[in-house]
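Since every read-out is calculated from the coordinates, none of them should be taken as a lab result. Computed from a predicted structure; not experimentally measured. Cβ sites come from the backbone with ideal geometry, for glycine too, and all protein chains shown count toward neighbours.
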Amino acid sequence: MSEKETKNLLEVSHLKQYFPVSQGLHKVPLKAVDDISFAIRPGETLGLVGESGCGKTTVGRTLLRLYEPTAGKITFDGEVLFDSGEQYDENDKLIVDATGRPIYGKKVNKDMLPYRKEMQMVFQDPYSSLNPRMTVEDIIGEPLDVHKLYSSKAERRDKILSLMELVGLNAEHAMRYAHEFSGGQRQRIGIARALAVDPKFIVCDEAVSALDVSIQAQVVNMFEELQEKLGVAYLFIAHDLLVVHHISDRIAVMYLGRMMEIADADELNNNPMHPYTLSLLSAVPIPDPETARKSSRIVLEGDVPSPLHMPSGCPFRTRCKYATEQCAMEMPQLKDRGNGHFVACHNK
Amino acid sequence: MSNENLELKKRQILSSQVDLSKFNSKNFEKATDEEKAQQEVMGESTTFFKDGMRRLKKNPLAMGSIVVLALIIAIIIIAPIFVPYSYSDMITVNGVRDKSASNLGMFEYSNAEMKYMESTGESLFPHIFGTDSLGRDYFIRVIYGTRVSLSVGIVAAIMVLIIGLIYGSVSGYFGGKVDMIMMRIVDIIYSLPDMLIIILLSVVLKEVLASKIKGTALAALGPNMISMFFVFGLLYWVTMARLIRGQILTIKNSEYVLAARCIGTKDGRILRRHILPNCLSVIIITTALQVPSAIFTESYLSFLGLGVSAPLTSLGSLANDARGAMQSYPSRLVIPAVIICLIVLALNLLGDGLRDAFDSKLN
């Protein structure tokens, strides 16, 4: 029993997602997600933070196979959904043959349809993620239609109404169109759609970023209530560290498609180790002016490098004040610093 | 009751608050379950189509156009049953060809007809629009001409819609190399001079078809009509295909399509439920405009002698025939011209109305 509890719901290892970008005549890969590994336990919330364009959304979408991953392995509930076949040894080194080419193992590319019922997504923009030509009933009912989760029309309607009640929408909203709702209500429709198939795992892709603060709080609380009631696990993608800290059990920090640090929410907040996390945390606005005056803000210099021209070694080294020669030589791997706290930095 | 004794704050002079001191608990009672149920007013679940039709009914211009079109269609279906004249033959009186019956004015009778009516006391059906230079009843010719023109327009529009819709959706949705190749084919067809191809195809098809359709039901239509449909089907769908492809390209990258894919919706359903309804306004307006454009092309071809073959007629060829006698008998040009205008205007207004009704973003 205890073994099952600690079993991961979702495991991602060495996930890579490159997009070809044409530059003149030849195509250059844009490394949106580069070699990311993490795991999510059942009923847990993993927060994923990072600045705009660091690949958070791509991670979420690649997990759900909305994009075809370039390489890596995705395991959900013990089933391997995708495996590009690269093999790694105990030290997480890619196993290569004499010529330096990786030795491929078994490749897996499962049909996602049955798993769409288990993994769902809530989208960032509640304005564009709902079809303007469908009524709320049809939007929420579509997953039921696709997976044939009802036996009669009355049952379909009952299910839709109970889902609407679950997310706090009135039954009389069922036949209205999405544009008749406010942002918060639209996001609730999107959440009801994700919940319709009774998933075990939901990717919340900046699900509250487009909402104003009071509505954000409502929706975040709703996410928490739903987790208590239904036991779903979340990958909560956001750039607002306060919200992420509030809802997450663990937090992962991304920079330029790489995982920098991953730890329990409180541990990360109290004991941030990676210089990038430190600067992120120092940028969180403090509501009390007294404390705010005393705290010092770490201001990063320079811009985020273009993902087309990644710096060698650690991608953060160009803006890191601790950077050494070693940082330019090799990419630091995520290392356990005890307490479930993983950091990818040579110096910390 | 404790509530009655509860001292309420005195109402302030400028406050708009209800003076609660006047009320006690007896004035308030709990809503019964029935009353609560009344609060939950819920409209009947409607489909996209029903909802659009509801809005269309509120549009007087569109409804007026529907009435006009329905009237025209009703007349061209019913009138030939009541009118005893034929569109192709000269008027006969008592089994004899009436040579005096050519070029009659509206509601006029020829000399032979008058004599016949006087002698028998029987009244003949009036020539509502008069007769043409060959002594044929003009009203029935206009009716048949409208039949031909409308059916050419509608059949051509449907053909263009079906071919353009399928081609454009496939090209836009699958994108990449498929799109590349399919759109280059469209470009080639687009670059061909329309009229030249139509004329060449009509001539060639006419020869080929004439022998093949002999004796079949299609023979009544005549090889010219059939080759005209061929031409529309081959050439005129490209604009529709391009428009639909463009719409689909923008819609398929929207987040709600991504959401649908995330749910596990299959390609066909995404196209049907998400993409096509969102380019419906373009489809409707293009189809509605395709009908008059086909009617114009048909009359152009009739003018060149490649359209419907005599004695069958169309509005275009009627107007063309009337050109010669325009100053003596202007009504023969005005009547088909007015009918073409009515049909084209009604279809355009209806297309506009449909777009307004089915585009929920405009509401």
Exercise. Go ahead and run the numbers for FRET between B:Ser331 and B:Thr120, Cβ-Cβ distance against an R0 of 35 Å, rounding to 0.05.
Key: 0.75
Exercise. First obtain the Kirkwood hydrodynamic radius of the range A:1-125 from its Cα pairs, then insert it into the Stokes-Einstein equation at 4 °C and 1.567 mPa s, and state the resulting D in µm² per second as a whole number.
Key: 80 µm²/s
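For chain B, calculate the relative contact order in percent as a whole number, restricting contacts to Cα pairs under 8 Å that are 6 or more residues apart.
Reported relative contact order: 21 percent.
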Practice problem: Please arrange A:His173, A:His346, A:His26 by counting, for each residue, the other beta carbons lying within 10 Å of its beta carbon, fewest first. | Solution: A:His26, A:His173, A:His346
Quiz item: Who wins for biggest fluctuation among B:Phe229, B:Phe174, B:Phe296 in a Gaussian network model of chain B, springs between alpha carbons below 10 Å?
Solution: B:Phe174
Quiz item: Hey, which of these cross-link pairs are over 19 Å Cα-Cα: A:Lys7/A:Lys229; A:Lys16/A:Lys93; A:Lys159/A:Lys229; A:Lys153/B:Lys57; A:Lys56/A:Lys117; A:Lys16/A:Lys56?
Solution: A:Lys7/A:Lys229; A:Lys153/B:Lys57; A:Lys56/A:Lys117
Exercise. Please list B:346-358, A:95-107, A:192-204, A:211-223 highest first by mean number of surrounding beta-carbon atoms within 10 Å per residue.
Key: A:192-204, B:346-358, A:211-223, A:95-107
Quiz prompt | Net charge dipole size for the range B:90-135 [Lys, Arg +1 and Asp, Glu -1 on Cβ; Debye, nearest 20] | solution = 140 debye
Exercise. May I ask for the distance between the Cα centers of the range B:95-163 and the range A:257-305, given as a whole number of Å?
Key: 89 Å
Quiz item: Gap in Å between the Cα centre of the range A:183-255 and the Cα centre of the range A:68-129?
Solution: 24 Å
Self-check item: Residues A:Cys327, B:Cys341, sorted so that the one with the fewest Cβ neighbours within 10 Å comes first
Solution: B:Cys341, A:Cys327
Quiz item: Quick one: putting +1 on the C-beta of Lys and Arg, -1 on the C-beta of Asp and Glu, what dipole do you get for chain B around its Cα centre, in Debye to the nearest 20?
Solution: 1040 debye
Self-check item: Spread of Cα-to-Cα distances over 10 Å intervals beginning at zero, given as percent, for chain B
Solution: 5, 17, 21, 19, 13, 9, 6, 5, 4, 2, 0
Quiz item: Given a Förster radius of 22 Å and the C-beta distance between B:Val338 and B:Val67 as r, what FRET efficiency does 1/(1 + (r/R0)^6) yield to the nearest 0.05?
Solution: 0.85
Exercise. Subtracting the Cα-Cα distance from 0.36 nm times the residue separation, let me have the gained length for A:Leu149 to A:Val80 in nm, one decimal.
Key: 22.4 nm
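Residues of A:173-180, mean number of Cβ from any other protein chain within 10 Å of their own Cβ, rounded to a whole number? If you can, show how the numbers build up before the last one.
Values: counts 1, 3, 7, 1, 5, 2, 3, 2.
The per-residue average across the peptide is 3.
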Practice problem: Excluding residues on the same chain fewer than 8 positions from B:Lys214, give the lysines whose Cα lies under 19 Å from its Cα. | Solution: B:Lys206
Quiz item: In the protein assembly as shown, with Lys and Arg counted as +1 and Asp and Glu as -1 at Cβ, which of these residues, A:Thr57, B:Gly176, A:Val208, has the Cα nearest the positive end of the dipole, that is, farthest along it?
Solution: B:Gly176
Exercise. Report the paramagnetic label zone for B:Ile197: residues of the range B:146-171 whose backbone N is under 14 Å from a point 7 Å from Cα along the Cα-to-Cβ axis.
Key: B:160, B:164
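Before anything else, pin down the relative contact order of the range B:90-135: Cα pairs under 8 Å, at least 6 apart, normalised by residue count, whole percent. Don't skip to the answer; put the middle values down first.
Numbers: 63 pairs, mean separation 21.9, N = 46.
Once normalised by length, the contact order is 48 percent.
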Practice problem: Under a 10 Å cutoff between Cα atoms, tell me which one of B:Ile285, B:Ile340, B:Ile75 has the largest fluctuation in the Gaussian network model of chain B. | Solution: B:Ile75
Quiz item: What angle do you read, to the nearest 10 degrees and between 0 and 90, between the alpha-carbon axis of helix B:331-358 and the longest principal axis of chain B?
Solution: 20 degrees
Quiz item: For chain A, modelled as a Gaussian network with Cα springs under 10 Å, which listed residue fluctuates most, A:Pro275, A:Pro289, A:Pro307?
Solution: A:Pro289
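For the range B:90-135, what number results from the quotient of the Cα radius of gyration and 2.2 N^0.38 Å?
On the way: Rg = 9.8 Å, N = 46, 2.2 N^0.38 = 9.4 Å.
Scaled against compact globular proteins, the figure is 1.04.
Using R₀ = 35 Å, calculate the FRET efficiency as 1/(1 + (r/R₀)^6) where r is the Cβ-Cβ separation of A:His246 and B:Lys30; round to 0.05. The partial results should precede the final answer.
Working: r = 38 Å, r/R0 = 1.10.
Once rounded, the FRET efficiency stands at 0.35.
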Exercise. Quantify how strongly other chains surround peptide A:56-69 by giving the mean number of their Cβ atoms within 10 Å of each of its Cβ atoms.
Key: 1
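Could you put B:Met326, A:Met121 in order, starting from the residue whose Cβ has the fewest other Cβ atoms within 10 Å?
On the way: B:Met326 12, A:Met121 29.
Fewest-to-most Cβ neighbours within 10 Å comes out as B:Met326, A:Met121.
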Quiz item: How would you rank B:237-246, A:152-161, highest first, on the average number of other Cβ atoms within 10 Å across their residues?
Solution: B:237-246, A:152-161
Quiz item: How far is helix B:222-235 tilted off the main Cα axis of chain B, in degrees rounded to 10, range 0 to 90?
Solution: 40 degrees
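Can you give the average number of partner chain beta-carbon atoms within 10 Å of each beta-carbon in peptide A:125-135, as a whole number?
Per residue, the average neighbour count from other chains is 6.
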Quiz item: Mind checking which lysines have their C-alpha under 17 Å from B:Lys22, skipping anything on the same chain fewer than 8 residues away?
Solution: B:Lys9, B:Lys10
Self-check item: For the protein assembly as shown, radius of gyration divided by Kirkwood radius, i.e. Rg to Rh on alpha-carbons
Solution: 1.15
